[in-house]
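To start, the structure itself, in structure tokens.
The values are calculated or read from the model by the stated rules, or taken from the named source; none is laboratory data. Keep in mind the model is a prediction, meaning the values are calculated, not measured. Cβ sites come from the backbone with ideal geometry, for glycine too, and all protein chains shown count toward neighbours.
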Amino acid sequence: ISLRSPLEAAAAGLGMVHQHFRLVESFTVAENVLLGFGRKAAMKTLTDAAAIVSAKSSEIGLPVDPHKLVANLSIAERQRAEIIKVMLLGARILVMDEPTAVLTDEEARTLLSFAQRLSRQGHAVVLITHKFREVAAFCDRVTIMRHGETVLEGARVANVTEAEVARLMVGDALTVAGRPLSRPGDVCLSVERLSARATAHGQSLNDLGFELHVGEILGIAGVGGNGQEELVACLLGLDRAGAGAIVLDGQDISTAKPDQRREAGLRVIPSDRFDSGLIRELSIADNLALTTVASGSFGGPFLLSRRAMREKAAEAIDAFDIRGATPERPASLLSGGNAQKVLLARELDHGLKVLIAHSPSRGLDMKAAEFVRSAIRRAVEAGAACLLISEDLQEVMSLSHRVAVMNRGRIAGCRQTGDVTPEWIGGLLAGHA
């Protein structure tokens, strides 16, 4: 079968429950369902839609109020609404992408029990998850993918061990390990019992803690959506933690503003270089000056020295090998690798104490990725420290002195890189504390 559009997939009986819900928040549940139905005869009015949603909700055992605005629904209720919507569209094969990522344990059990019942009634359910305990408890067969390739296909769950799954998930990522830290320096960043609310489709932080030493790279591995975005936001002061403390170089910065944290030496390579790092419309010179212009580095407060900004940018272009670029070149015209080099030039500038590197080589070719990693190593060898947060296990293993695993908003375990085994890290990635 060849499917050329979502409409053809739906007509063929394929339904998708996305990890990030496809519902209009300002509409009610019934309105969302009606939107998906178009002009089908069975559902011409909101009254029809509400009645049909209620009937389907009772039939499959997933209660949801059809008259309620999606914006006012809990995460679990939104998921039920999405499931009801695709079921009403005639789905016989239901694909669920990380459906329990933001659910409580009880909500997850309810959802997976529903999926199991559905399969017993003749439907097919494809559960995409990194949690092996869910696979073991609710699935019949398992397929494992790594880096876009299938490494185990359709094996009976009863015939697969947890250790085997861990090895297959990790693969050869552990063959290249970072060098051990011969003598750790002083603690430069301490995070103590940090808790914070979840962002949209995210994961709350739960009593999270770790220490980072001068001259060290601490790698935090984990499947995306386990609190990484929330951790970075709390560390930078973009979101306020509900509890806990963040101590930078002996100073409690838990209530400090983002610019104060930066002034204290905390810098970041964000996960999205354009969304959170650079302003596309501004030149390289302007982007490099963004974080220092307030300090008077280029004159001011009302008149800036464009000449000084261009000279600084020219130095960065040369030092970071930003090929084919000029100080006045807009960031929007840079390749991903060159854009990341501009970020590095800005964030690794004087005053750096701790660098938060969030997926620093994502989307880069091999040469650009190695340049970025080498720059991080040099900064750390010069006396800084780096908190590396990445879903790329090979990147974490090759750069880090220690490796921690983040799962469901907490640090599930931490080891020296040389002591990491496939069973240990694979088990923690899969949700086994």
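Points worth noting:
- Within the range 183-211, considering residues that are under 21 Å from the mean Cα position of the chain (by Cα) and of a type in the set (A, V, I, L, M, F, W, C), the one nearest to Ala71 (Cα to Cα): Ala200
- Flag if Ile75 is within 27 Å of the chain's Cα centre (by Cα) and not assigned by TED's automatic domain parsing to the domain that holds Leu35: no
- Among (1) charged (D, E, K, R); (2) touching a residue at least 24 places away in the same chain (Cβ under 8 Å); (3) surrounded by fewer than 17 Cβ atoms within 10 Å (Cβ to Cβ), the one test that Arg346 misses: (3)
- Filter pass, Gln116 being assigned by TED's automatic domain parsing to the domain that holds Val33, surrounded by 14 or more Cβ atoms within 10 Å (Cβ to Cβ), under 20 Å from Gly13 (Cα atoms) and among the polar types (S, T, N, Q): yes
Let's see how each residue does on (1) of a type in the set (D, E, K, R); (2) touching an Asp or Glu at 6+ places or on another chain (Cβ under 9 Å); (3) surrounded by fewer than 15 Cβ atoms within 10 Å (Cβ to Cβ); (4) over 26 Å from Leu399 (Cα atoms):
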site	(1), (2), (3), (4)
Leu88	no, no, no, yes
Asp97	yes, no, yes, yes
Ala101	no, no, no, yes
Leu127	no, yes, no, yes
Asp140	yes, no, yes, yes
Arg146	yes, no, no, no
Ala166	no, yes, no, no
Met169	no, no, no, no
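- One residue stands out in the range 355-381 among those that are basic (Lys, Arg) and within 21 Å of the chain's Cα centre (by Cα): the one that is nearest to Gly227 (Cα to Cα), namely Arg362.
- Test: residue in the range 389-401 that is under 28 Å from Thr100 (Cα atoms), surrounded by 19 or more Cβ atoms within 10 Å (Cβ to Cβ) and at pLDDT 95 or above: yes
- Candidate set from the range 94-128 (those that are part of a helix (DSSP H, G or I) and among the small types (Gly, Ala, Ser)); member that is modelled with the lowest pLDDT: Ala108
- When each of Ser374, Ser398, Ser359 is tested for being under 24 Å from Val420 (Cα atoms) and without any contact (Cβ under 8 Å) to a residue 40 or more places away in the chain, the lone residue that passes is Ser374.
- Subset of the range 278-307 that is at pLDDT below 90 and closer than 16 Å to Ala345 by Cα - its residue that is surrounded by the most Cβ atoms within 10 Å (Cβ to Cβ): Ala289
Conditions tested, residue by residue: (1) under 21 Å from Leu348 (Cβ atoms); (2) part of a loop (DSSP other than H, G, I, E, B).
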{"position": "Val223", "(1), (2)": "no, yes"}
{"position": "Glu229", "(1), (2)": "no, no"}
{"position": "Leu235", "(1), (2)": "yes, no"}
{"position": "Arg240", "(1), (2)": "no, yes"}
{"position": "Ala245", "(1), (2)": "no, no"}
{"position": "Ser271", "(1), (2)": "yes, yes"}
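- Of all residues in the range 10-26, those satisfying the criterion of being modelled with pLDDT under 90 and either over 14 Å from Ile75 (Cα atoms) or surrounded by 14 or more Cβ atoms within 10 Å (Cβ to Cβ) (or both) are Ala10, Ala11, His18, Gln19, Phe21.
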